[in-house]
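Contents: one structure, followed by commentary.
The values are calculated or read from the model by the stated rules, or taken from the named source; none is laboratory data. Computed from a predicted model, the values in this text were never measured in an experiment. We place every Cβ from the backbone using ideal geometry, glycine too, and count neighbours over all the protein chains shown.
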Amino acid sequence: MLLGRSLLQVKPIQPIFTVMTWNTLSDQLSGFFPLVADEYLAWNHRSQRILHELDSIGADLYCLSEIDHYDDFIVPWMNEKGFAGIYQKKRGWHRDGICLLYNKKFSVSSQEAWYFPNSNQFALVVKLNFASIEFIVVATHLKSMHECEEERAIQMEYLLQKLDLCAGNLPLIMCGDFNTEPGSKTYNILSEHRLSFKSVYNKEGIEPIFTTFKFRDEFERKTVDYIWIKGFDVACVLSMPSEETIGEKGLPSQIYPSDHLSLACQLNLQINPSL
């Protein structure tokens, strides 16, 4: 795997499938990294590194955001691997969107895009079946920019309200780039909601030090990407690299094609969700 990462066991259980979430960095937005050589930001370089990461994780479900090369890049890879996919673009001038790629051992019961009020952001909500298990996957990418926390909180409240009405007792996976840090209003709305989501990377109340590490006008090192679950147990999570491994110029780099790190975990259905 890129950056020398590996799967770390969390619980001695037999996983039934692997989930990956990743903001892959839109080609449209890849030019804003002054410390990174242009050749490493070029799509022909980054696309090959993206494929390497997807292949090395070997997930059954991929939730990818900032995808703007779906038909010409994702679809050929998906067909080669025997996967199917659902893709939804943002509204307006944006070229990118979110996709859920799934192994064909899964089947889709329903799919919807829930656009947030007065926004081009949305959540892709898909009900899947696998081995007689029905569950819901929510892939989203909330509003960016530090000063937009209140808008992100409204988006999260809207999403949870709709999910609460339709989910019933089904197991849930919610993942993506939330653009909000641990302890923020948006984070707390989700972590304290009655649906009882748990962040798979949260260890004794502490999230990873960062999931994005980049330089634009200044260095940004923070955690904004998450995988949240309800009704599942976590067997393994993908390890996080150190700052030293990433290097002093941050991400993206010659090795790693995005300014966000991928997250992945292996899950099994919780035997007794009430415990």
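Below is a table of values for the structure above.
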{"item": "Options Thr223, Thr212, Thr186; residue that is buried (at least 19 other Cβ atoms within 10 Å of the Cβ), modelled with pLDDT of 95 or more, in contact with a His (Cβ under 8 Å, 6 or more places away or on another chain) and not hydrophobic (A, V, I, L, M, F, W, C)", "result": "Thr212"}
{"item": "Residue count for segment 25-44, restricted to those that are closer than 19 Å to Gly247 by Cα and surrounded by 16 or more Cβ atoms within 10 Å (Cβ to Cβ)", "result": "6"}
{"item": "Test result for Lys104, under 19 Å from the mean Cα position of the chain (by Cα), surrounded by fewer than 18 Cβ atoms within 10 Å (Cβ to Cβ) and of a type in the set (D, E, K, R)", "result": "no"}
{"item": "All positions within segment 145-158 that are modelled with pLDDT of 95 or more and either surrounded by fewer than 22 Cβ atoms within 10 Å (Cβ to Cβ) or touching a Cys at 6+ places or on another chain (Cβ under 7 Å) (or both)", "result": "Glu147, Cys148, Glu149, Glu150, Glu151, Ala153, Ile154, Glu157, Tyr158"}
{"item": "Selection status of Leu35, closer than 30 Å to Leu269 by Cα and either hydrophobic (A, V, I, L, M, F, W, C) or modelled with pLDDT under 95 (or both)", "result": "no"}
{"item": "Number of the condition not met by Glu244 [criteria: (1) surrounded by 19 or more Cβ atoms within 10 Å (Cβ to Cβ); (2) assigned to a helix (DSSP H, G or I); (3) not hydrophobic (A, V, I, L, M, F, W, C)]", "result": "(1)"}
{"item": "Pick from segment 8-24, criterion closer than 18 Å to Leu261 by Cα and modelled with pLDDT of 95 or more, ranking: surrounded by the fewest Cβ atoms within 10 Å (Cβ to Cβ)", "result": "Thr18"}
{"item": "Residues being of a type in the set (S, T, N, Q) and within 29 Å of Glu151 (Cβ to Cβ) - total across segment 92-137", "result": "6"}
{"item": "Condition check for Glu39: outside any loop (DSSP other than H, G, I, E, B) and under 20 Å from Leu142 (Cα atoms)", "result": "no"}
{"item": "Phe215 vs. criteria within 22 Å of Ile67 (Cα to Cα) and more than 18 Å from the chain's Cα centre (by Cα)", "result": "yes"}
{"item": "Filter pass, Leu29 being in contact with a Cys (Cβ under 7 Å, 6 or more places away or on another chain), among the hydrophobic types (A, V, I, L, M, F, W, C) and touching a residue at least 24 places away in the same chain (Cβ under 8 Å)", "result": "no"}
{"item": "Selection status of Ser274, assigned to a loop (DSSP other than H, G, I, E, B), of a type outside the set (Asp, Glu) and at pLDDT below 95", "result": "yes"}
{"item": "Qualifying residues in segment 59-75 (those that are in contact (Cβ under 8 Å) with a residue 40 or more places away in the chain and not in a strand (DSSP E or B)) - the one nearest to Ser26 (Cα to Cα)", "result": "Asp68"}
{"item": "Test result for Asp259, crowded, with 21+ Cβ neighbours inside 10 Å, under 14 Å from the mean Cα position of the chain (by Cα), in contact (Cβ under 8 Å) with a residue 12 or more places away in the chain and farther than 21 Å from Tyr158 by Cβ", "result": "yes"}
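Here is a yes/no grid of residues against (1) in contact with a Ser or Thr (Cβ under 8 Å, 6 or more places away or on another chain); (2) free of Cβ contacts under 8 Å to residues at least 40 places away in the same chain; (3) of a type in the set (Lys, Arg):
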| site | (1), (2), (3) |
| --- | --- |
| Leu100 | no, yes, no |
| Ser109 | no, yes, no |
| Ile136 | no, yes, no |
| Arg152 | yes, yes, yes |
| Cys175 | yes, no, no |
